[in-house]
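Colleague: Dumping the structure here so I can ask a few things about it.
The values are calculated or read from the model by the stated rules, or taken from the named source; none is laboratory data. The shown structure was predicted, so the numbers you read here are calculated from the model rather than taken from an experiment. Here the Cβ is made from the backbone with ideal geometry for all residues, glycine too, and neighbour counts use every protein chain on show.
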Amino acid sequence: MKIVLLVDGGRPAPQALTAYCEAVGFRLIKITPTEGGWQKLLPEAFGVMLLLPAWGSGAYLDSSCLWQHFLADQYPHLRLLMTSYEQVDYVNHLDLLRLADYDAAWWQQTQETHITEELPYFTGIDLSEKLKRFFAGHGDDSVVAVLSRIRLVVQMASRELQKMQTPYSEIYADLVKPAQLANKWREWRNRWINYYPLFEHTPLAGKLEQIALLTEGMEHWMLAGGKEQEPLANGMILQVLNDMREQLQQIEKQYVVQKLSHTYR
Amino acid sequence: MSSKNYHILIVDDDAEFHQQIRYAFRRQFLFSGAINEKQLFEKLSGEGHFDLILLDLVLDDSETKKGLDIIPQIAQRYPNIPVIIVTADRSIDTVVQAMKQGARNFLVKDDFDYDYWEQQFSAVIDGSKLKQENLVLRAEVDRRRAQENEAYPFIGESTQIKEIKRILKLVSEEPDVTVLITGETGTGKEVAARYLHAHGARSKQPFQAVNLSAIQDSLLESTLFGHKKGAFTGASRDMEGYFSQANTGILMLDEIGDIDQNIQIKLLRFLETKLIRPVGSDQDVQLDVQVVTATHRNLTAAVAESRFRADLFQRLKAMVIELPPLRSRRDDIPLLLSHYFEVDDLQKVLTTAALDAMLNYNWVGNIRELKNTVNYAQLRARIQDKKRIDEHCLPTEITSEQPVIPVSFTQNNNTSGSAPTDNAGETPHAGPKNIDEEHALIDLDRIEKLLIQKNKVKKDVAIAIGLENTDNLRYRIKKHFEKHPHLFTNFPTISQSYRRIVK
């Protein structure tokens, strides 16, 4: 029996769906993207099924574009299947109200995942758009912009301390204190908390989870406004910020597509 | 602070960013700041010189990329100040737009890297300064070239000269046509070539003039086409020839009628293929050189006598410009005298008798002879303590002699081979076999007389003829002797003074 991995999006999957799948020769296995291990099942799977819309942070969410990016990039032979109660005319969509209409032949004519494929519109916030705002250089939604400003100060301070041997009291007075790191950190945390749960049903949930863990290691130093010399002197703070940045860059590279405008295409 | 003291203007609405950049680079650069467009232009117009502008694209809360519109304004009003975009926006669209508008580089705040940024600031400033220095040097080259052209003015308001100037201007619009300038020695063939250069498409490019008759035959090929190290004894390093030095510009080959067949073949090859091969090299070099040639010889006759290749002559005479001798445009003599005496009114420096003598003289050495005469007369006037030059300050042949060579002779001695329009004058020795021998005879007769007059002082004879030095006089006599050795029995003073040649 072939395997289909189910992302239920924080909503209980209908019993009828499980029964239907088994009737046509497919076994549904529920996966939780925030937890590790689910990616190991992908090479053997027939596809990934999303129960749409997902539910999180008190809102309906559409994660289909992000899954499309992930599968097209890493497992293009897998089918990205979508199931909902909406009436959607799409080759890989399964209407939960009309399961009896989909025989075994329907599964055979579903399509593999292509990045160019235009996905249907589902109710809920389009998470690919949200992610773009997350990475935008400006604007109130940008998480990365605030982190960049923090990293800029930490990078300059580390260099002064380690390379130029400038006394930390001087660095703190001239650079770190005026930068108001504690305020910036709070701003970053607020934005992060608003965003991060939205992506728990997406393939990037694991990476965001890692970033969340990284932030805990330096929260104390940040909230103290960077007064302590040691975490900066031993490179820990800058290292954590660099790791966070690297994780974020990986996400951006994989999921946020740079599109050229018509003028410069 | 760096010894260079570069002054950078930061334009960013984030005051914290100003403070951080100032702090980080305080040892290397001097900074000023502006937080919006208005302040930016106030600083640029009021605070003196800036070496670099670091410009953010978003300068207020509107999130519009105003910086993109500011770049061309800066480029237009302050073209020497380079702009680096420093922004949080990393989208490809924005990068492309900024670079198209004229930004020199694009740095993303999120990618801050101290060493890289410092290197970029310095590189852009140094690059900009180098560009400015190049512009200054270019202007200096143009200025010197203009000065050089001023040093070779094409003076003349006679009908013939006006027409030649008109033709030269027309020809100068054709940067690839080969031009042959003919005319007697001293008629201003190089001046005409420089006039062509100054008014043409290649005016910003090099101009090289080389007198082929002044270069030893054995060295001519390497002098023109260059040589590789070890190509011959004494070739201790690679050397560029005149052709390479004139690349993209004009090369004037004077006395083209004097080159041997080997060089004629190589010149023909260049004119047909634009390729040269330095001596000792196995590689051809492609060059873009407009060739202007000049000669006082009758090339038609030289071709008939198989001394000059007919195919090369055909290539050279694509455009022939014949300069008239000075005696056929006497109207220009006062203009030339004014130029060389550097006065507007000749009466201030010349007596009427002296002027008349100069106006009536035949000027066999043409403008060069006139120029040397001016120098000679000025010196004589100083020696004789005279305020104005009178006929006693002039060389004796000007005041005492009748014209040596009639105008009709030189009209007969042209490249087009047109028929003489006047009767040939009396020649001192009868029976020349051809026009070349007739020319030699007249020339030798004149030199003979001058040697007697000048007590055999060769330098004075050279000056009187209009030659630059005694080497040229010796060369001239040698050429005559090589072609017409039998004539020398008629000129005992020359034979005595140039015993080694005649022997």
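Colleague: Checking the condition under 17 Å from B:Pro324 (Cβ atoms), assigned to a helix (DSSP H, G or I), at pLDDT 85 or above and not assigned by TED's automatic domain parsing to the domain that holds B:Asn366, which residue from B:Glu221, B:Glu190 passes? Quick ask: steps written out before the conclusion?
Modeller: Details: B:Glu221 fails: under 17 Å from B:Pro324 (Cβ atoms).
Result of the check over B:Glu221, B:Glu190: B:Glu190.
Colleague: Out of (1) within 14 Å of chain A (Cβ to nearest Cβ); (2) more than 27 Å from B:Pro79 (Cα to Cα); (3) surrounded by fewer than 18 Cβ atoms within 10 Å (Cβ to Cβ), the odd one out for B:Leu170 is which?
Modeller: Checking B:Leu170 against (1) within 14 Å of chain A (Cβ to nearest Cβ); (2) more than 27 Å from B:Pro79 (Cα to Cα); (3) surrounded by fewer than 18 Cβ atoms within 10 Å (Cβ to Cβ), the one that fails is (1).
Colleague: Given the condition within 14 Å of chain A (Cβ to nearest Cβ), touching an Asp or Glu at 6+ places or on another chain (Cβ under 8 Å), at pLDDT below 85 and not in a strand (DSSP E or B), answer yes or no: does some residue in the range B:86-95 qualify?
Modeller: yes
So that you can scan it fast, the table gives a plain yes or no per residue for (1) of a type in the set (Asp, Glu); (2) modelled with pLDDT of 80 or more; (3) assigned to a helix (DSSP H, G or I):
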position	(1), (2), (3)
B:His49	no, yes, no
B:Asp61	yes, no, no
B:Thr64	no, no, no
B:Gly67	no, yes, yes
B:Ile74	no, yes, yes
B:Ser128	no, yes, yes
B:Lys131	no, yes, yes
B:Asn134	no, yes, yes
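Colleague: Just one of B:Gly226, B:Gly241 is free of Cβ contacts under 8 Å to residues at least 40 places away in the same chain, crowded, with 18+ Cβ neighbours inside 10 Å and not hydroxyl-bearing (Ser, Thr, Tyr); which is it?
Modeller: Numbers: B:Gly226 fails: free of Cβ contacts under 8 Å to residues at least 40 places away in the same chain.
So the residue among B:Gly226, B:Gly241 that is free of Cβ contacts under 8 Å to residues at least 40 places away in the same chain, crowded, with 18+ Cβ neighbours inside 10 Å and not hydroxyl-bearing (Ser, Thr, Tyr) is B:Gly241.
Colleague: Another question about this same structure. Could you please find all residues in the range B:242-280 being over 23 Å from B:Arg309 (Cα atoms) and not aliphatic (A, V, I, L, M)?
Modeller: B:Ser244, B:Gln245, B:Asn247, B:Thr248, B:Gly249, B:Gly280
Colleague: Now, a different point. With the structure loaded, tell me whether B:Ile21 is of a type outside the set (S, T, N, Q) and within 14 Å of another protein chain (Cβ to nearest Cβ) or whether it fails that test. Break it down stepwise before answering.
Modeller: Details: of a type outside the set (S, T, N, Q): yes; within 14 Å of another protein chain (Cβ to nearest Cβ): yes.
It is true that B:Ile21 is of a type outside the set (S, T, N, Q) and within 14 Å of another protein chain (Cβ to nearest Cβ).
Colleague: Can you pull out every residue in the range B:364-386 that is free of Cβ contacts under 8 Å to residues at least 60 places away in the same chain and touching a Lys or Arg at 6+ places or on another chain (Cβ under 9 Å)?
Modeller: B:Arg380, B:Ala381, B:Lys386
Colleague: Among (1) in contact (Cβ under 8 Å) with a residue 40 or more places away in the chain; (2) under 24 Å from the mean Cα position of the chain (by Cα), where does B:Met358 come up short?
Modeller: B:Met358 satisfies every listed condition except (2).
Colleague: Looking only at strands (runs of 3 or more DSSP E) that fall completely inside the range A:8-95, which ones have 2 or more residues that are in contact (Cβ under 8 Å) with a residue 40 or more places away in the chain and under 23 Å from A:Glu117 (Cβ atoms)?
Modeller: Numbers: elements: A:26-30, A:45-51, A:54-56, A:59-62, A:79-84, A:93-95.
Here the list reads A:45-51, A:59-62, A:79-84.
Colleague: Restricting the search to the range A:99-128, which residues are in a loop (DSSP other than H, G, I, E, B), in contact (Cβ under 8 Å) with a residue 24 or more places away in the chain and over 21 Å from A:Val256 (Cβ atoms)?
Modeller: Passing the criteria: A:Tyr102, A:Asp103, A:Thr110, A:Gln111, A:Pro120, A:Thr123.
Colleague: When only residues in the range B:22-47 that are touching a residue at least 40 places away in the same chain (Cβ under 8 Å) and not aromatic (Phe, Trp, Tyr) count, which is surrounded by the most Cβ atoms within 10 Å (Cβ to Cβ)? Break it down stepwise before answering.
Modeller: Here is the first cut: in the range B:22-47, the ones touching a residue at least 40 places away in the same chain (Cβ under 8 Å) are B:24-25, B:28-29.
Still in the list and also not aromatic (Phe, Trp, Tyr): B:24, B:28.
Numbers: B:Ala24: 23, B:Gln28: 15.
Filtering first and then ranking leaves B:Ala24.
Colleague: Counting just the residues of the range B:1-21 that are under 50 Å from the mean Cα position of the chain (by Cα) and among the small types (Gly, Ala, Ser), which one comes out surrounded by the most Cβ atoms within 10 Å (Cβ to Cβ)?
Modeller: Looking at residues that are under 50 Å from the mean Cα position of the chain (by Cα) and among the small types (Gly, Ala, Ser), I get B:Ser2.
Colleague: Have a look at B:Gln147, B:Gln119 and point out the one that is without any contact (Cβ under 8 Å) to a residue 40 or more places away in the chain and over 26 Å from the mean Cα position of the chain (by Cα). Working first, answer last.
Modeller: Details: B:Gln147 fails: over 26 Å from the mean Cα position of the chain (by Cα).
Testing whether each residue is without any contact (Cβ under 8 Å) to a residue 40 or more places away in the chain and over 26 Å from the mean Cα position of the chain (by Cα) leaves just B:Gln119.
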